[in-house]
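Accompanying notes for the structure given below.
The values are calculated or read from the model by the stated rules, or taken from the named source; none is laboratory data. Everything quoted here is computed from the prediction, not taken from an experiment. Reconstructed Cβ throughout: ideal geometry from the backbone, glycine too, with neighbour counts over all protein chains shown.
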Amino acid sequence: MLDDITAKLGGKQGQDGGIASLQKLVSSSGGLHGLTSKLTSSGLGQQVQSWVGTGENKPVSGAQVQQAMDPTQLDAVAKQAGMTPTEASDQVAKALPEMVNQATPQGEMPDHDPFAKGVDAVKRMFKK
């Protein structure tokens, strides 16, 4: 499923472009810690904890993502993907639970932000 989402978000660049877009979105949000803090302070704390923890990942909606994230960043993702901002937000909402889950395999926030290590590190994280 994440492959389909990253392919859609990558537009003509496909999955690799989608991963690059997501990496840029997370990095520009302050990395994994900044992103999860933004989401938590926007009322999505239970969802974020479910993604970091080892249980089932709770979903978020595109509207919730739009409220929590910088609209300029979401617009950039949408433009690259050839989508409306609403469509891009919906796709990001589908990707976020798995992204955070993959970045926190031990059920806790890592000391070193995998999104700060660049696109190749993020690709490796998703190809496990």
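Taking region 30-60, which residues are at pLDDT below 95, under 21 Å from D3 (Cα atoms) and exposed (fewer than 14 other Cβ atoms within 10 Å of the Cβ)?
Result: E56, single match.
Would you confirm whether or not region 34-50 contains a residue that is hydroxyl-bearing (S, T, Y), in contact with a helix residue (DSSP H, G or I) (Cβ under 6 Å, 6 or more places away or on another chain), touching a residue at least 40 places away in the same chain (Cβ under 8 Å) and assigned to a helix (DSSP H, G or I)? Steps first, please.
Residues of region 34-50 hydroxyl-bearing (S, T, Y): 36-37, 40-42, 50.
Narrowing the set further to residues that are in contact with a helix residue (DSSP H, G or I) (Cβ under 6 Å, 6 or more places away or on another chain) leaves 36, 40, 42.
Restricting the remaining residues to those that are touching a residue at least 40 places away in the same chain (Cβ under 8 Å) gives 36.
Within this subset, residues satisfying the condition of being assigned to a helix (DSSP H, G or I) are 36.
Checked region 34-50: at least one residue is hydroxyl-bearing (S, T, Y), in contact with a helix residue (DSSP H, G or I) (Cβ under 6 Å, 6 or more places away or on another chain), touching a residue at least 40 places away in the same chain (Cβ under 8 Å) and assigned to a helix (DSSP H, G or I).
Can you find, within region 55-72, the residue that is nearest to the chain's Cα centre (by Cα) among those that are among the β-branched types (V, I, T) and not in a loop (DSSP other than H, G, I, E, B)? Outline the logic, then answer.
So in region 55-72, the residues among the β-branched types (V, I, T) come out as 60, 65, 72.
Subsequent filtering for residues that are not in a loop (DSSP other than H, G, I, E, B) retains 65, 72.
On the way: V65: 10, T72: 15 Å.
So the residue we want is V65.
Assuming A88 fulfils every condition listed in (1) among the hydrophobic types (A, V, I, L, M, F, W, C); (2) surrounded by fewer than 21 Cβ atoms within 10 Å (Cβ to Cβ); (3) more than 27 Å from H112 (Cβ to Cβ) apart from one, which condition is it?
Single failed check for A88: (2).
For region 37-85, which positions are in contact with a Gly (Cβ under 6 Å, 6 or more places away or on another chain) and β-branched (V, I, T)? I'd like the intermediate steps shown before the answer.
Initial filter on region 37-85 (in contact with a Gly (Cβ under 6 Å, 6 or more places away or on another chain)): 53-54, 80-82.
T54 - this is the single residue of region 37-85 that is in contact with a Gly (Cβ under 6 Å, 6 or more places away or on another chain) and β-branched (V, I, T).
Kindly evaluate D70 against the criterion of being touching a Ser or Thr at 6+ places or on another chain (Cβ under 8 Å), within 21 Å of D4 (Cβ to Cβ) and either modelled with pLDDT of 90 or more or loosely packed, with under 14 Cβ neighbours inside 10 Å (or both).
On the way: touching a Ser or Thr at 6+ places or on another chain (Cβ under 8 Å): yes; within 21 Å of D4 (Cβ to Cβ): no; either modelled with pLDDT of 90 or more or loosely packed, with under 14 Cβ neighbours inside 10 Å (or both): yes.
No; evaluated as a whole, the condition is false for this residue.
Would you pick out the residues in region 88-117 that are free of Cβ contacts under 8 Å to residues at least 24 places away in the same chain and more than 15 Å from K24 (Cβ to Cβ)? Can you show your working first?
Just the residues of region 88-117 that are free of Cβ contacts under 8 Å to residues at least 24 places away in the same chain, to begin with: 105-106, 111-112, 117.
Answer for region 88-117, where residues must be free of Cβ contacts under 8 Å to residues at least 24 places away in the same chain and more than 15 Å from K24 (Cβ to Cβ): P105, Q106, D111, H112.
Would you mind stating whether A63 is at pLDDT 95 or above, farther than 23 Å from M109 by Cα and surrounded by fewer than 21 Cβ atoms within 10 Å (Cβ to Cβ)? Please lay out each step first, then the result.
Details: at pLDDT 95 or above: yes; farther than 23 Å from M109 by Cα: yes; surrounded by fewer than 21 Cβ atoms within 10 Å (Cβ to Cβ): yes.
Yes, satisfied.
I'd like to check something: does region 8-29 contain any residue that is part of a loop (DSSP other than H, G, I, E, B), surrounded by 16 or more Cβ atoms within 10 Å (Cβ to Cβ), touching a Leu at 6+ places or on another chain (Cβ under 7 Å) and small (G, A, S)?
Within region 8-29, the subset part of a loop (DSSP other than H, G, I, E, B) is 10, 29.
Subset that is surrounded by 16 or more Cβ atoms within 10 Å (Cβ to Cβ): 10, 29.
Filter once more, so that each one left must be touching a Leu at 6+ places or on another chain (Cβ under 7 Å): 29.
Next, only the ones that are small (G, A, S) stay: 29.
Yes: one or more hits.
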